[in-house]
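Have a look at the structure below, then the notes.
The values are calculated or read from the model by the stated rules, or taken from the named source; none is laboratory data. Please read these numbers as outputs of a predicted model, since none were measured by experiment. Here the Cβ positions follow ideal geometry from the backbone for every residue, glycine too, while neighbour counts run over all protein chains shown.
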């Protein structure tokens with residue numbers, strides 16, 4: 001049976017996490033002050049230490065919470081049965097997440113990378129599913145087996161995420177804001193063409209000549 005105290009604890013913890021997500025994704029772990037999180041959450045600093053031990057523990061809890069909110073999307077990626085479908089999911093996800101704290105948090109994390117990331121082992125397992133999509137595509141003849149599947153997964157994931165992580169860069173290169181639907185129409189079309197160009201050479205030759213491969 002859940003007591004009123006348990007409910008109150010859960011509510012206070014969630015409030016702290018909500019504020020911490022905003023602070024860490026805007027400033028990065030080094031610049032965030034626990035005092036400021038406590039002030040914004042309407043609690044004292046000691047309560048944050050009680051729930052999360054220290055700032056690093058709070059940072060880890062933020063990552064765990066955001067990972068939990070993305071697990072459904074990652075499960076869909078793991079179940080994707082073609083490279084083209086995976087590309088479309090990447091573009092659709094980026095199109096919907098205009099101001100996503102997960103992407104901003106990863107951007108801030110990258111700027112202060114120490115070689116060890118929070119929940120790195122679990123996150124590596126999740127990202128391994130994107131590599132499996134490429135490997136399956138190579139097995140089905142969709143992607144050239146000579147291509148490094150990890151590098152293919154990294155390249156396409158990066159292209160899809162870059163407009164959200166560095167919108168100013170996308171705007172300067174493309175001349176369009178990544179908040180515009182037309183930007184992601186172009187991105188989806190480009191990735192589709194690029195993906196088709198990664199087919200085995202004999203398939204590309206067949207498409208170019210119109211002849212069947214014997």
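Within segment 149-181, the set of residues being more than 15 Å from residue 92 (Cβ to Cβ) and surrounded by fewer than 12 Cβ atoms within 10 Å (Cβ to Cβ) comprises 151, 158, 168, 172, 173, 175.
Against the numbered list (1) without any contact (Cβ under 8 Å) to a residue 12 or more places away in the chain; (2) part of a helix (DSSP H, G or I), residue 176 comes up short only at (2). The criterion of at least 2 residues that are under 24 Å from residue 122 (Cβ atoms), in contact (Cβ under 8 Å) with a residue 60 or more places away in the chain and out of contact with any helix residue (DSSP H, G or I) (no Cβ under 6 Å at 6 or more places or on another chain) is met by none of the helices (runs of 4 or more DSSP H) falling completely within segment 10-81.
Of the residues 142, 122, 212, which single one is outside any helix (DSSP H, G or I), touching a helix residue (DSSP H, G or I) at 6+ places or on another chain (Cβ under 8 Å) and modelled with pLDDT under 90?
Values: 142 fails: modelled with pLDDT under 90; 122 fails: outside any helix (DSSP H, G or I).
Only one candidate qualifies: 212.
Touching a helix residue (DSSP H, G or I) at 6+ places or on another chain (Cβ under 8 Å) and crowded, with 16+ Cβ neighbours inside 10 Å: is that true of residue 129 in this structure? Steps first, please.
Values: touching a helix residue (DSSP H, G or I) at 6+ places or on another chain (Cβ under 8 Å): yes; crowded, with 16+ Cβ neighbours inside 10 Å: yes.
For residue 129, the condition - touching a helix residue (DSSP H, G or I) at 6+ places or on another chain (Cβ under 8 Å) and crowded, with 16+ Cβ neighbours inside 10 Å - is met.
Listed by first and then second residue, the pairs linking a residue in segment 106-127 that is in contact (Cβ under 8 Å) with a residue 40 or more places away in the chain to a residue that is in a loop (DSSP other than H, G, I, E, B) and surrounded by fewer than 11 Cβ atoms within 10 Å (Cβ to Cβ), with Cβ atoms under 7 Å apart and 6 or more places separating them unless they lie on different chains, are 112/30.
Screening residue 54 with (1) surrounded by 15 or more Cβ atoms within 10 Å (Cβ to Cβ); (2) at pLDDT 85 or above; (3) closer than 21 Å to residue 24 by Cβ gives one miss only, at (1).
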